[in-house]
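> Got a structure here, written out as structure tokens. Questions coming.
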Amino acid sequence: MARRPKLDRRTFLRGAGASALLGAAGVRPAGGSVLPVFGFDPDRQVFDFDEPFDRFGTNCTKWDGAVADTGHPIEVGMGIADTDFRAAPCITRALAERCAHENWGYLRRPAKYAEAVADWNFRRYGVEIDPGDLVWTTGVHPALIAALLAFSPPGSRVLMTTPVYNGFYTDLRFTRTIPEDSPMLRVDGGRYEVDWDDFERRAARSNVFILCNPQNPTGNCWTEEELLRMGEICLRHRTVVLADEIHCDFVNAGQKYTPFAALPDRKIVDNSLTFKAQSKTFNLAAMKVSWWYSTNPDYQERVQANSRADLPTLGLVANHAALTEGEPWLEQLLPYIDANQDFAESYVRDHVPHLHYTKAEGTYLAWVDVREIMEAIDAERIAAEESKSSVGTVTPGKVVQRWLAERAGVFLSPGDGFGTGGVGYMRMNLGTQRARIRQALDNIATAVAEL
Ligand SMILES: Cc1ncc(COP(=O)(O)O)c(C=O)c1O
């Protein structure tokens with residue numbers, strides 16, 4: 001495993017977008033005027049992730065979408081998996097420079113883009129990727145769909161350890177494949193573990209296993225031993241592993257991300273494809289750039305046959321800046337997120353009756369046990385009642401979501417969308433300012449007190 005390079009002052013300044021050429025407190029686009037860089041103090045070389053940052057009115061899903069969905073004035077949007085921080089200054093600078101050029105014709109993709117991805121993965125995780133093997137896509141979803149089309153015909157089964165990312169179910173509906181949920185076992189209310197007998201039984205009848213590493217929403221950073229065991233079972237049953245590692249840059253202190261493609265067994269690795277992006281890391285989801293690859297040329301060819309992606313100019317510019325200059329920003333964001341996780345765990349324990357939360361190993365997501373609220377508000381009965389007269393099914397999770405939006409002004413994602421084992425949980429996005437987490441939890445505690 002390659003060691004992370006130490007940050008010297010020059011690297012740091014380059015990453016912070018604060019080179020002497022650009023001036024101390026701003027970025028200077030080609031046209032001349034200086035754009036302010038907030039959230040960054042060049043003298044202290046510190047990024048201020050506590051800086052209040054208002055996203056309302058930008059058509060963002062997390063805040064504007066939450067208000068539109070619920071019809072309530074949401075005070076804290078904690079749903080969809082993106083973050084609320086001002087972008088890394090190097091990204092803003094690179095975009096400003098490119099925008100100043102004012103021409104948006106077709107784009108070529110010089111080797112430097114793929115090299116930046118390969119360098120990042122080698123530098124941070126010791127994975128050697130041939131830049132020539134990278135296939136660009138406009139998101140992990142289209143790439144997963146291309147892989148499902150290649151390996152899992154309509155009606156075939158797709159294995160997942162659940163609770164798992166709700167978006168996978170949309171990809172399965174799109175490809176008319178069938179979810180094969182292998183519910184995980186929860187050890188003492190804490191870490192989720194694979195139920196190995198169940199996993200093997202289901203792998204034997206599935207074409208594909210979608211691995212989520214680290215796992216959204218439970219936060220599992222899968223160990224090498226666990227990944228090897230999953231990989232061995234899948235190899236034995238000729239189940240292709242699709243390793244979605246989009247959250248891999250968010251790993252809490254004391255934990256480790258093990259890339260599936262770095263496992264010490266060539267046959268297991270050759271039975272997989274890896275799907276990644278910088279979109280969670282640097283909050284570039286709407287910039288529509290991600291990539292996948294496989295060490296297996298046959299798999300590579302089969303999925304490529306279903307893939308076509310023309311990438312957006314600004315997306316590539318932003319991603320390149322992030323990969324080549326964004327590491328210092330990220331190195332400060334990671335402890336901030338880790339501290340958010342600690343804060344949420346202790347604040348829930350000390351101040352929010354009816355909620356339970358054990359700190360995740362990775363991701364900026366929190367998988368919160370809301371079973372007591374569900375029971376107290378009679379969510380199952382209400383859901384069953386409303387489902388009779390509604391076009392779609394109303395789930396207990398939806399009822400809890402609505403209750404929290406109405407009574408606490410907080411928007412969370414209902415756990416029952418995350419597959420078997422999700423009922424009674426909500427996913428809370430902690431990729432935000434700590435003051436907002438406190439506000440959300442205070443609001444929930446106040447609402448709960450009125451029950
Ligand atoms: C595990 C996982 N995979 C994929 C995605 C979506 O990826 P993209 O926006 O690149 O399609 C998400 C978004 O939340 C996710 O959590």
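> How about Lys359: which aspartates and glutamates have a C-alpha closer than 16 Å to its C-alpha, ignoring those fewer than 8 places off in the same chain?
By straight Cα distance, Lys359 reaches Asp188, Glu193, Asp338, Asp342, Glu345, Asp350, Asp369.
> Same structure again: Roughly what would the spin-label model give for Asp54 and Lys267, points 7 Å off Cα along C-beta, in nm?
6.1 nm
> Which value in deg cm²/dmol, rounded to the nearest 500, describes the helix-derived mean residue ellipticity at 222 nm for the chain, given -39,500 (n - 2.57) per DSSP H run of n ≥ 4 and division by the residue count? Before the final figure, lay out each step's value.
Values: 16 runs with 178 residues, N = 451.
When only DSSP H runs of four or more count, the value is -12000 deg cm²/dmol.
> Whole-Hz Karplus ³J(HN,Hα) for region 236-242, in order, using 6.51 cos²θ - 1.76 cosθ + 1.60 and θ = phi - 60°, x for Gly and Pro?
Couplings: 4, 9, 6, 9, 6, 8, 9 Hz.
> Choose one of Tyr125, Ala147, Val194: the residue whose Cα lies farthest towards the positive end of the charge dipole of region 108-215 (beta-carbon charges +1 Lys, Arg; -1 Asp, Glu; about the Cα centre).
The one lying farthest along the dipole's positive direction is Ala147.
> Between Glu345 and Asn103, what's the calculated FRET efficiency when r is the beta-carbon distance and R0 is 56 Å? Round to 0.05. Intermediate results must be reported in sequence, preceding the final value.
On the way: r = 50 Å, r/R0 = 0.89.
With R0 = 56 Å, the Cβ-Cβ based efficiency is 0.65.
> About the Cα centre of region 111-309, how large is the charge dipole given +1 on each Lys and Arg Cβ and -1 on each Asp and Glu Cβ? Please answer in debye to the nearest 20.
Values: 22 positive and 25 negative charges, 113 e Å.
Here the size comes out at about 540 debye.
> Please list 3J(HN,Hα) in residue order for region 386-399, calculated via the Karplus relation 6.51 cos²θ - 1.76 cosθ + 1.60 where θ = phi - 60°; whole Hz, with x for glycine and proline.
The phi angles translate into 5, 5, 5, 9, 9, 5, x, 7, 9, 9, x, x, 5, 5 Hz.
> Moving on. For a test of the definition: using alpha carbon positions, the gyration tensor, and the 1.5 limit on a/c, classify region 61-146 as rounded, prolate or oblate. Show your work: numbers first, answer last.
Values: a/c = 2.02, a/b = 1.56, b/c = 1.29.
It is prolate, given that a/c is not under 1.5 and a/b is the larger ratio.
> Give the calculated FRET efficiency between Glu115 and Arg381 to the nearest 0.05, with a Förster radius of 51 Å applied to their Cβ-Cβ distance. Kindly include the intermediate steps, with their values, before the conclusion.
On the way: r = 58 Å, r/R0 = 1.13.
Plugging the Cβ-Cβ distance into 1/(1 + (r/R0)^6) gives 0.30.
> Next question. Among the GluC sites (Glu not before Pro) in region 81-179, which ones are in a DSSP loop with at most 14 other Cβ atoms within 10 Å of the Cβ? Mind listing them? Provide the component values of the computation, followed by the final result.
Working: sites: Glu97, Glu102, Glu115, Glu128; in loops: Glu102, Glu128.
Counting only loop positions with at most 14 other Cβ atoms within 10 Å, the GluC sites (Glu not before Pro) in region 81-179 are Glu102, Glu128.
> Now for a different question. Using 20 Å bins from zero, what percent of all Cα-Cα pairs in the chain falls into each bin?
Going out from 0 Å in 20 Å bins, the chain shows 24, 57, 19, 0 percent.
> Would you work out the relative contact order for region 108-257, in percent, from Cα pairs under 8 angstrom that are 6 or more residues apart? Don't skip to the end; give the middle numbers.
Values: 206 pairs, mean separation 29.2, N = 150.
Relative contact order here is 19 percent.
> Indicate, rounded to the nearest 5 percent, the antiparallel portion of the DSSP beta bridges found entirely in the chain.
On the way: 22 of 41 bridges.
Taking every DSSP beta bridge within the chain, about 55 percent pair in antiparallel fashion.
> Oh, and also: If you take the square roots of the eigenvalues of the alpha-carbon gyration tensor of region 111-309 and sort them as a ≥ b ≥ c, do you get rounded (a/c under 1.5), prolate (a/b over b/c) or oblate? Mind dumping the intermediate values first?
Values: a/c = 1.43, a/b = 1.16, b/c = 1.23.
Rounded, since a/c falls under 1.5.
> Another one. So which trypsin sites (Lys or Arg not before Pro) in region 50-147 end up in coil per DSSP with only 13 or fewer other C-beta atoms within 10 Å?
In loop regions of region 50-147 (DSSP not H, G, I, E or B), the sparsely surrounded trypsin sites (Lys or Arg not before Pro) are Arg108.
> Given the C-alpha centroids of region 217-256 and region 173-200, what is the distance between them in whole angstrom?
A separation of 13 Å, based on Cα centres.
> What full-extension length gain, to one decimal in nm, is calculated for Asp130 and Thr393 as 0.36 nm per residue of separation minus the Cα-Cα distance?
Details: separation 263, 0.36 × 263 = 94.68 nm, distance 4.65 nm.
Separation in residues times 0.36 nm, less the Cα-Cα distance, equals 90.0 nm.
> Could you point to the residue in Val448, Ala261, Ile373 farthest towards the positive end of the chain's charge dipole, with +1 and -1 charges on the Cβ of Lys/Arg and Asp/Glu respectively?
Looking along the dipole axis, the top candidate is Ala261.
> Here's another thing I want to ask about it. Tell me, in nm to one decimal, what length is gained between Arg201 and Arg238 on full extension, where the rule is 0.36 nm per residue of separation less the Cα-Cα distance? Provide the component values of the computation, followed by the final result.
Values: separation 37, 0.36 × 37 = 13.32 nm, distance 1.29 nm.
Gain on extension, Arg201 to Arg238, equals 12.0 nm.
A short reminder: the numbers here are calculations on the coordinates, not readings from a lab. What you see is a predicted model, and the numbers here were worked out from it, not measured in a lab. Positions of Cβ are generated from backbone atoms using ideal geometry, with glycine treated the same way; all protein chains shown enter the neighbour counts.
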